[in-house]
């Protein structure tokens, strides 16, 4: 009897392993050359670097941001560095009508990078509700507005071309662990995780792949602004090392925006800049399933 029970368990284990091998998500390579990549918050920092990288790889690029002057400067820099004329879309992501008009003007998107983000560091007790609302509307609602505006044409384009599409949602280390003085900001970034996980269930049958990105501390103007306010961020950033922007962009384009992450909804981050890890562990781990 014991031998039959052992054999049953062994067969069950084999079946489970086979099932896991069959249903395990595979990396999906989403080509950039000749595809339309739209990056919100694309006039500076990680967003600008992503747009420039996509242009260098042969993509048609659109960048969306609020400031027309900074957009123009960003487009000039992309043209100078890559020879690609990027489309500049001046729109506020808090305004769904403005977002819809902007996306309609440039046509269907193959790779949507929701990168916009703002933060007003302050203890919650001291923070005004207007500041809280500002972060929620830009970081969270702005992402909803972008995705809702892009999805119908993205699905139709996928049916016509048969090619996979990608939606990359930019979260933050503060979207994995709460940071002093970032209560409202962290709430918006934690919210993006729920958005990404649920959205992937809705769009995977349309061959649209959603990735949630947790960028490491990266040498950008936004990080510099945060370090001016929060001593805890200074301690964390100096203890786990700030990442070079070029390397961060390489990680994101190869393991997020191109859809090569290992899970349908994937978190992409660099462990040595992961505050929650508690120290400098060294090495890189991309595409960790959430």
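The values are calculated or read from the model by the stated rules, or taken from the named source; none is laboratory data. Since this is a predicted model, take the numbers as computed values, not measurements. Quick reminder, even Gly has a Cβ in these numbers, built from the backbone with ideal geometry, and neighbours come from all protein chains shown.
Just a few scattered comments:
- Scope region 147-187; condition more than 30 Å from residue 34 (Cα to Cα) and touching a residue at least 60 places away in the same chain (Cβ under 8 Å); matching residues: 173, 176, 177, 179, 181, 182, 183, 184, 185
- Any chance residue 226 is part of a helix (DSSP H, G or I), modelled with pLDDT under 90, crowded, with 20+ Cβ neighbours inside 10 Å and at negative phi: yes
- Qualifying residue in region 82-96 (condition: within 16 Å of residue 192 (Cα to Cα), touching a residue at least 12 places away in the same chain (Cβ under 8 Å) and either assigned to a loop (DSSP other than H, G, I, E, B) or in contact with a helix residue (DSSP H, G or I) (Cβ under 9 Å, 6 or more places away or on another chain) (or both)): yes
- Among the residues of region 108-130, those identified as outside any loop (DSSP other than H, G, I, E, B) and either crowded, with 18+ Cβ neighbours inside 10 Å or within 17 Å of the chain's Cα centre (by Cα) (or both) are 111, 112, 113, 114.
- Apart from one condition, residue 233 fits all of (1) part of a helix (DSSP H, G or I); (2) at pLDDT 60 or above; (3) crowded, with 20+ Cβ neighbours inside 10 Å; (4) over 19 Å from the mean Cα position of the chain (by Cα); the exception is (2).
- The residue list 55, 77, 20, 51 contains one member that is part of a helix (DSSP H, G or I) and at pLDDT below 80, which is 20.
- Whichever residue in region 58-81 is in contact with a helix residue (DSSP H, G or I) (Cβ under 8 Å, 6 or more places away or on another chain) and surrounded by fewer than 17 Cβ atoms within 10 Å (Cβ to Cβ) and, among such residues, is farthest from residue 93 (Cα to Cα): 81
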